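Shown next, in structure tokens, is the structure this report addresses.
Nothing in this text is a laboratory measurement; each read-out follows from the coordinates by a stated rule. Because the structure is predicted, anything quoted here is derived from the model rather than measured. A quick note on method: Cβ atoms are made from the backbone with ideal geometry, for glycine too, and the neighbour counts reach across all protein chains shown.
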Amino acid sequence: MLLRHIRYFLAVAEHLNFTRAAEALHVSQPTLSQQIRQLEEALGAELFDRSGRQLRLTDAGGAYRVYARRALRDLEAGRRALHDVASLQRGQLRLAMTPTFAAWLAGPLLARFHQRHPGIALIVREMSQEAMEAGLADDAFDIGIGFAPSGTLEVEAAPLLDERLALVAGAGHPLAGRRDALSLAELEAMPLVLLSADFITRRHVDDYCLRHGIRPRAAIEVNGMGAAVEIIRHGGLAGILPAAVAASQPGMAVLALEPALPGRQAALLTKRDGYRSAAARAFAELARSFADATA
């Protein structure tokens, strides 16, 4: 049974005349009669009484008309819903991001997206890149913000922005006003607040230190970006954080270091060859324009 059969049935039920119904549908009368017969055969019941001079609905036809009208209303509502989703009037976006970006990018970017598309419900999760990539591969998320390259072939990474790490301190730190660059020896002697090994940031810090033959002195190790920021800002210790996080926080000073700490490529992560919803495409476009404006 096709949607066409239902439309043809309702037209005949309205006009109670095959000729007028065929004219309204812009089909020939034999074609219309054939389609109605096919519908009756599929349902196993006669829908119209053709025995008299005036065509009329049978009891079965009258009962079926109620559900046929309801079905057409529901299908039309579905068509409008699809239009709303495509036009971003409603829908859902499932977003994952690493703690680095949750600390500074989530606020302004998500606020801007909601302002543009208030009908889109945002579900945001903060997690490690490994967990994010597993979720993207399993279709648990529509899009993620993390780092390139991706650790799995199932997820592709599109460049978003360049991010650098920075040695930072609170305004009350003895070196907060220093303008010349610190040496590696000074860095090695300095007690630091460092993120735990759960963070990609820590792995970059350890790689930097290993490459230059020094060992970082972790006075405090934390597994939360917010805790690291607060300890550095108020605790009198320096630390190594993403430069964008430090720039977004009041009372934080960036200390020059020679050689400079490494950079990394932030990226939009999506399932390779996966479905891209209108909301996901709009978010990716907004994120790229936001990154360009803040570069």
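Roughly how many debye, to the nearest 20, is the charge dipole of the chain about its Cα centre, given +1 on each Lys and Arg Cβ, -1 on each Asp and Glu Cβ, and no other charges? Kindly include the intermediate steps, with their values, before the conclusion.
Working: 33 positive and 32 negative charges, 227 e Å.
Dipole about the Cα centre, nearest 20: 1100 debye.
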(request) Using only Cα positions of region 55-103, each an equal point scatterer, no hydration layer, compute I(q)/I(0) via Debye at q = 0.19, 0.21, 0.29, 0.30 Å⁻¹ and quote the log10 values to two decimals. (result) -0.75, -0.80, -0.99, -1.01
(request) Return a whole-number percent for the relative contact order of the chain, with Cα pairs under 8 Å and 6 or more residues apart as the contact set. (result) 21
(request) Name the long-range amide H neighbours of Arg125: under 5 Å, sequence gap of 5 or more, or other chain; modelled H, no Pro or chain starts. (result) Leu95, Ala96, Met97
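With a cap of 11 neighbouring Cβ atoms within 10 Å, and only residues DSSP puts in a loop, list the trypsin sites (Lys or Arg not before Pro) found in region 167-222.
Working: sites: Arg178, Arg179, Arg202, Arg203, Arg211, Arg217; in loops: Arg178, Arg179.
Hits after loop and neighbour filter: Arg179.
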(message) Which one, Gly144, His114, Leu95, is farthest towards the positive end of the dipole of region 87-150 when Lys and Arg carry +1 and Asp and Glu -1 on their Cβ?
(response) His114
(message) Need one word for region 158-260: rounded, prolate or oblate. Basis is the Cα gyration tensor (sqrt eigenvalues a ≥ b ≥ c); a/c below 1.5 gives rounded, then a/b vs b/c decides.
(response) rounded
(message) Whole-Hz ³J(HN,Hα) for each residue in region 264-279, computed from phi via Karplus 6.51 cos²θ - 1.76 cosθ + 1.60 with θ = phi - 60°, x for glycine and proline: what do you get?
(response) 8, 9, 6, 8, 8, 10, 9, 5, 5, 6, x, 5, 10, 6, 4, 5
(request) Estimate the FRET efficiency between Glu23 and Ala63 by the formula 1/(1 + (r/R0)^6), using the beta-carbon distance for r and 25 Å for R0, to the nearest 0.05. (result) 0.40
(request) For the chain, build the convex hull from the C-alpha positions and give me its volume per residue in Å³. (result) 168
(request) Hand me the chymotrypsin sites (Phe, Trp or Tyr not before Pro) from region 204-295 located in a DSSP loop with no more than 15 other Cβ atoms within 10 Å, in residue order please. (result) Tyr275
(request) With a point put 7 Å past each Cα toward its Cβ, work out how far Gln89 is from Ser183 in nm, to one decimal. (result) 6.8
(request) Taking amide H positions as placed in the peptide plane 1.01 Å from N, state which residues far from Leu57 in sequence (5 or more) or on other chains have amide H under 5 Å from it. (result) Asp49
(message) Could you derive backbone 3J(HN,Hα) for region 145-160 from the dihedral phi with the Karplus parameters 6.51, -1.76 and 1.60 (θ = phi - 60°), listing whole Hz in sequence and x where the residue is Gly or Pro?
(response) 10, x, 10, 9, x, 6, x, 9, 5, 6, 10, 10, 10, 9, x, 10
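Given only helices, namely DSSP H runs of n ≥ 4 each adding -39500 (n - 2.57), what is the per-residue ellipticity at 222 nm of the chain, to the nearest 500 deg cm²/dmol?
On the way: 12 runs with 141 residues, N = 295.
Computed mean residue ellipticity for the chain: -15000 deg cm²/dmol.
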(request) Run the quick spin-label model on Leu72 and Arg164: label points 7 Å from Cα toward the beta carbon, then report their separation in nm to one decimal. (result) 6.6
(request) Note down the magnitude of the dipole of region 1-117 about its Cα centre, charges +1 on Lys and Arg C-beta and -1 on Asp and Glu C-beta and zero elsewhere, to the nearest 20 debye. (result) 440
(request) Using θ = phi - 60° and the Karplus relation 6.51 cos²θ - 1.76 cosθ + 1.60, list the HN-Hα couplings for region 106-115 in order, rounded to whole Hz, with x at every Gly or Pro. (result) 4, x, x, 6, 6, 4, 5, 5, 5, 5
(message) Return the equivalent ellipsoid semi-axes of region 8-76 as a descending list in whole Å, where each equals the square root of 5 times an eigenvalue of the C-alpha gyration tensor.
(response) 17, 15, 12
(message) Pairwise over distinct Cα atoms, reciprocal of the mean inverse distance: report the Kirkwood radius of region 1-151 in Å, one decimal place.
(response) 19.8
(request) Please compute P(r) over all alpha-carbon pairs of region 95-218, binned at 5 Å starting from zero, and give each bin as a whole-number percent. (result) 2, 9, 15, 18, 16, 14, 11, 8, 5, 2, 0
